[in-house]
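Before any comments, here is the structure.
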Amino acid sequence: MNHRITVVGTGYVGLVTGACLSDFGLEVICVDKDRDKIETLKRGVVPFYEPGLENLVNKNSSAGRLTFSNDIKAGIENSDVIFIAVGTPSQENGSADIQHVQDVARDIATYINEYKVIVNKSTVPIGTVRLVEDIIKRYQKQPFEFDVVSNPEFLREGAAVYDFMHPDRVIIGTDNERAVSIMKGVYRVLFLNQKTPFLFTDPESAETIKYASNAFLAMKVTYVNEMAALCEKTGADIVSVARGMGMDGRIGNKFLNPGPGYGGSCFPKDTKALVNIAHNYGVQMSLVEATIAANENRKKRILSKIETIVGELHNKNIGVLGLAFKAETDDTRESPALSIVSDLARRGAYVKVYDPKAMEQAWLKLNGLDNVQFCENEYAVAEGVEALIIMTEWNQFRGLDLTRIKASMQKPLFFDLRNIFEPGIMRKMGFEYYSVGRS
Ligand code: UGA
């Protein structure tokens, strides 16, 4: 049977899920209450930058498999599988706010008209599958059958389409065989190729896998960042150290690139939420707590390193390349680049900035700071600055005309916080070059 899917929420997760499932040949309705967003999507425009997504949306919209709507009632009535992919932002105390998930559960209870599988893709506290079940049971007018499944997403922004099509694993959390068989049908393209590992487990374990994975990766990045700080003192080279560590199959070579600290919409939010969840159960997540604190310290440490080398920041001209929290995205949420730019500006420096995709997002957040200037390209940033800082590892920056950059800078101080250049070459070119974990 070809399933009819509704995806509620057209953010990164929802839109990528909807577009990719339609590309698998399923009929998908993407629903959002934001009218502007739906109108934009109907015109074939994706409201954020994600490589490959717009093509996929247009291809499947033209084929008639992918549609966009504000009408949640029709979406629920006309589908047998409903994905919940709405936002779960952080609250003051770090816990995830699941109000939007609860609202969708209420809508499903109101409009359910036959058996449905409800799939939770949003990152939610452990126990939310049961909560959604309770809400639907409590509010539905007739006792229709349904099953709620946890199916966490592991997409990386910037590689989300690829990750959906080639996942390391698909996790399905449900106690119910009927729901398992429907989920195998939804993911049949991946299930039948037998290359994608599937894990069928209970809902609580599936929900925990999501938090445990993100917190572990955040911890791994933070670990390598601390190791980099040590290397800077001892004379070791973090690139060799990370390579040597990564050769151990038990450690693995991914997520061992040191940088200015992790950011984005997931690691900061999910680490805090995990600590909060554990706290509510009387369990201390001391490693995750230490990770959160170390990541905050990382940004302070970097600022103080810059200050030590540049000297008094007041009235200094400083250039920053890269504002997104990582390359291949326009997302600046919790971006270490924004925190460094605002700290520099608050200390009286004049900061010139440029990012290939994230200018608009950054402008909305840094708008209040008078001494931040948004430039049209890398070379305009470098003009007359006393220090240049690489914050995001865009490929475009790897190809900089360094001779031109050096000639236009007032002083050749270069901070490469993503290790995208070779220290030997940079020094030979006459830069006073500082990178991460390489003395
Ligand atoms: C992360 C996870 O990688 C995804 O599996 C997950 O689905 C997603 O969160 C989510 O929960 O939605 P994402 O936030 O897009 O994905 O970004 P990552 O590529 O994981 O990078 C996170 C942060 O760690 C970035 O600031 C990045 O610059 C930093 N990082 C990553 C490093 O500093 N070094 C590394 O080696 C890797």
Worksheet item: Any idea which residue in segment 170-193 is farthest from Ser22 (Cα to Cα), counting only those that are surrounded by fewer than 22 Cβ atoms within 10 Å (Cβ to Cβ) and either within 11 Å of the ligand (Cβ to nearest atom) or of a type in the set (S, T, N, Q) (or both)?
Response: Asn176
Worksheet item: When you scan segment 148-163, how many residues do you find that are near the ligand (Cβ under 10 Å from one of its atoms) and either more than 16 Å from Asp270 (Cβ to Cβ) or assigned to a helix (DSSP H, G or I) (or both)?
Response: 4
Item to complete: Check segment 337-350 and report whether any residue there is closer than 21 Å to Met426 by Cβ, buried (at least 21 other Cβ atoms within 10 Å of the Cβ) and in contact with a helix residue (DSSP H, G or I) (Cβ under 9 Å, 6 or more places away or on another chain).
Response: yes
Fill in: Selection within segment 237-295 - surrounded by 13 or more Cβ atoms within 10 Å (Cβ to Cβ) and of a type in the set (D, E, K, R)
Asp237, Lys269, Asp270, Lys272, Glu289
Worksheet item: Tell me, which residue of segment 296-329 that is in contact with a Leu (Cβ under 9 Å, 6 or more places away or on another chain), within 16 Å of the ligand (Cβ to nearest atom) and not in a strand (DSSP E or B) is farthest from Gly368 (Cα to Cα)?
Response: Ile302
Worksheet item: Hey, among the residues in segment 194-222 that are touching a Gly at 6+ places or on another chain (Cβ under 9 Å), among the charged types (D, E, K, R) and surrounded by 15 or more Cβ atoms within 10 Å (Cβ to Cβ), which one's farthest from Ile251 (Cα to Cα)?
Response: Glu204
Discussion item. Can you confirm whether Glu145 is more than 11 Å from the ligand (Cβ to nearest atom) and out of contact with any strand residue (DSSP E or B) (no Cβ under 9 Å at 6 or more places or on another chain)?
Written reply: no
Worksheet item: When you go through Ala278, Ala215, Ala206 one by one, which is the residue that is of a type outside the set (D, E, K, R), more than 11 Å from the ligand (Cβ to nearest atom), farther than 30 Å from Pro423 by Cβ and in contact (Cβ under 8 Å) with a residue 40 or more places away in the chain?
Response: Ala206
Item to complete: Could you please tell me which pairs satisfy a Cβ distance under 9 Å, a separation of 6+ or placement on different chains, a first residue in segment 131-157 that is without any contact (Cβ under 8 Å) to a residue 12 or more places away in the chain and over 18 Å from Ala85 (Cβ atoms), and a second residue that is within 16 Å of the ligand (Cβ to nearest atom) and hydrophobic (A, V, I, L, M, F, W, C)?
Response: none
Worksheet item: Residues that are of a type in the set (A, V, I, L, M, F, W, C) and touching a strand residue (DSSP E or B) at 6+ places or on another chain (Cβ under 7 Å): which helices (runs of 4 or more DSSP H) entirely in segment 200-281 hold 3 or more of them?
Response: 203-234
Worksheet entry | Inter-residue pairs, beta-carbon under 7 Å, first within 14 Å of Tyr162 (Cβ to Cβ) and in segment 6-24, second among the polar types (S, T, N, Q), 6+ apart | Ala19/Asn60; Asp23/Asn60
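Every number in this text was worked out from the coordinates using simple rules, so none of it is lab data. None of the values given here were measured: they were computed from a predicted structure. Here the Cβ is made from the backbone with ideal geometry for all residues, glycine too, and neighbour counts use every protein chain on show.
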